[in-house]
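**Student:** Take this structure, written in structure tokens, and hold onto it; I'll ask about it next.
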Amino acid sequence: MPPNAFRQLTLVAFALFSPQPGSSAQVKLGKTTLTGTALPGLYGEFFGGIPYAEPPVGDLRFARPVPKFSLGNATTFDATQFGNSCPQPASPFTPADLPMSEDCLNLNVFRPAGLAPAKSVPVMVWIFGGSFFTGTAESFNASSLIARSVVRGTPIIYVSFNYRLGPLGFPQGPEASSKGVLNLGLRDQVLALEWVHANVQAFGGDPTKVTVFGQSAGAVSISLLWLNDVFSTLARAAIFESGEAGTTGIFDPNKSLPQWSVFVNSTPTCGPDTSIDDAFSCLRAASSDQIAAAGLAGLGAMVGEFPFFPVLDGPEGLIPALPSDLLKSGAGNQVPFISGSVLDDGTLFVALSSTISSTSQIVDQLNSSFYPCTSQSTLQNTIDTLLDLYPDIPALGCPFDTGNNTFGISPVFKQAAALIGDLVIQAPRRFWSQTASEQGTKVYSYLFTDPQPENPPFLGVAHLSEIPYVYGDITVAANGTGPGTLSLIMQDYWISFATSLDPNDGKGLARPNWEAYSVEQRVIQLNSTNTEMIADDFRQDGIAYLSENAALFCQ
């Protein structure tokens, strides 16, 4: 992928913000006074780096998170900055000098200025994405979202947090399974939500009015938690942006055993002959730098899309069965949700994985990513059918609506992006919207299509594109039209849903009525010049086939 593509996506979608110094703000949490930062002119206050768990180091490395819901007998706590991010490899989506430490289980609160504890306003909790091995809460500044909530008369509190990533957050293999420490990153997320439930009242929030929202791996995480009864005790609504359970295949914990073995054997305190059945003791003896280097070795050896990811963890776990089977069986709790995607979600996945120039490379990628969900012969037959449904015809490819233009690269790129984008994003979105609404859950669905002229043309309206609009990082055009207006409309929809469970509260900018998904199966198209309800029937045959065969892709 050309470096300028990464650079543009970094600048537009993941610009790093730091709270600007202003007058101090204070909150009393138990015996401790937290000193935060007032955000001048933005109606808000920021409190950062608050621990929600004990540091997962020493014996707590590769262990379930231990709650830390108070700061003990400390009289004061400096909450003026974001806390450390969790260890991760260098990424174009995070700054090179990002402060990192294994002591990273911390959270941040943005709130309207001077909010009294008795106010009890709704809460929005953000879970970031990053393929489960990169990402940080520090990349997201909610100042604009808070300001918008105040201006429209429906104030909210915003919470974000870090969770363990890569091998530390998602250990693989038999040892993690036998010791009950699979999916640690998801368990961190549950604990952070429990902290919110226990403590957000001190900031003026209502713990019974929590909406959890996230993008990509963050949205996948939320949907996995949504399928558990615990979710309804911690949240009353959810928003999935470009991701549902099924975006990443859900495998047995031994699927990535080769990569996990490389990670273990590359750790100096373990060595090349260490048994993967009994490696935690030597892994706990390694330094953070050694773990990070070994994690990179594991990444380098990965087969498929994700080397360290959520896995099946048994009847008492968070993911006892394939999400598609759980959803069809009625698992979950009918918590209402918004589920959406962007027009060309698939382009970034293909560009990040490799430069695909032949159909055989598409087959190889699907085989490596989704075998052994089923037999090799069955998977091959399924792939053959998919290649018929997604032919190598540029006018049908992704980015969509670009005709026969192949942007000077292989036309197979557009074929691969269409197929893979539907497999990992569009088909799960439609499957979740259809299935949940048929079971009585209130569902709203969207398709974000606003042009992104700053992006390289072959990326189109790429994965990540909607994030700046939700966070208000789009300048309003002088004439009141353009992307800035769409950003305000999207913020109004999101805030309205979080505060009233309906995106149509009539407050803020005038905007089209967003119909519930229900029988008509319509989505709202979010576009600066044409926001309207449209039928959710594009690429009907291909997406229907993917949904009907979800189990073959471990979805």
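The values are calculated or read from the model by the stated rules, or taken from the named source; none is laboratory data. Fair warning: this is a prediction, and the values are worked out from it, not measured in the lab. Heads up, the Cβs are rebuilt from the backbone with ideal geometry, glycines too, and the neighbour counts pull from every protein chain shown.
**Student:** Go through segment 522-533 and give me each residue that's under 16 Å from Ile338 (Cβ atoms) and either among the hydrophobic types (A, V, I, L, M, F, W, C) or surrounded by fewer than 16 Cβ atoms within 10 Å (Cβ to Cβ) (or both).
**Tutor:** Val523, Ile524, Leu526, Met533
**Student:** Output the residues belonging to segment 336-364 that are part of a helix (DSSP H, G or I) and crowded, with 20+ Cβ neighbours inside 10 Å.
**Tutor:** Of everything in segment 336-364, those that are part of a helix (DSSP H, G or I) and crowded, with 20+ Cβ neighbours inside 10 Å turn out to be Asp345, Gly346, Thr347, Leu348, Phe349, Val350, Ala351, Ile362.
**Student:** In the list Ala63, Ala74, Ala118, which residue meets the criterion of being hydrophobic (A, V, I, L, M, F, W, C), part of a loop (DSSP other than H, G, I, E, B) and modelled with pLDDT under 95?
**Tutor:** Matching residue, one of Ala63, Ala74, Ala118: Ala118.
**Student:** Can you name the condition, by its number, that Asn455 falls short on among (1) assigned to a helix (DSSP H, G or I); (2) touching a residue at least 24 places away in the same chain (Cβ under 8 Å); (3) closer than 24 Å to Lys414 by Cβ?
**Tutor:** Result: Asn455 fails condition (1) only.
**Student:** Select from segment 104-125 the residues that are surrounded by fewer than 23 Cβ atoms within 10 Å (Cβ to Cβ) and out of contact with any Asp or Glu (no Cβ under 9 Å at 6 or more places or on another chain) and write down the one among them that is farthest from Gly83 (Cα to Cα).
**Tutor:** Ala118
**Student:** Taking segment 310-335 only, how many residues are in a loop (DSSP other than H, G, I, E, B) and in contact with a strand residue (DSSP E or B) (Cβ under 8 Å, 6 or more places away or on another chain)?
**Tutor:** The qualifying residues number 3.
**Student:** Given (1) in a helix (DSSP H, G or I); (2) in contact with a Pro (Cβ under 8 Å, 6 or more places away or on another chain); (3) surrounded by fewer than 16 Cβ atoms within 10 Å (Cβ to Cβ), where does Ala417 come up short, assuming only one miss?
**Tutor:** Among (1) in a helix (DSSP H, G or I); (2) in contact with a Pro (Cβ under 8 Å, 6 or more places away or on another chain); (3) surrounded by fewer than 16 Cβ atoms within 10 Å (Cβ to Cβ), Ala417 violates only (3).
**Student:** Might you let me know whether segment 221-237 holds any residue that is more than 18 Å from Thr435 (Cα to Cα), of a type in the set (Phe, Trp, Tyr) and within 17 Å of the chain's Cα centre (by Cα)?
**Tutor:** yes
**Student:** Run down Ser410, Ser465, Ser445, Ser433 and say which single residue is crowded, with 24+ Cβ neighbours inside 10 Å, of a type outside the set (Val, Ile, Thr) and in a loop (DSSP other than H, G, I, E, B).
**Tutor:** Ser465
**Student:** Turning to a different aspect of this structure: Could you please tell me which pairs satisfy a Cβ distance under 8 Å, a separation of 6+ or placement on different chains, a first residue in segment 386-398 that is within 14 Å of Gly421 (Cα to Cα) and without any contact (Cβ under 8 Å) to a residue 60 or more places away in the chain, and a second residue that is of a type outside the set (S, T, N, Q) and assigned to a loop (DSSP other than H, G, I, E, B)?
**Tutor:** Going by the 8 Å Cβ cut-off, the qualifying pairs are Leu396/Tyr390; Gly397/Pro411.
**Student:** When only residues in segment 126-144 that are crowded, with 24+ Cβ neighbours inside 10 Å and in contact with a helix residue (DSSP H, G or I) (Cβ under 6 Å, 6 or more places away or on another chain) count, which is nearest to Leu234 (Cα to Cα)?
**Tutor:** Among residues in segment 126-144 that are crowded, with 24+ Cβ neighbours inside 10 Å and in contact with a helix residue (DSSP H, G or I) (Cβ under 6 Å, 6 or more places away or on another chain), the one nearest to Leu234 (Cα to Cα) is Ile127.
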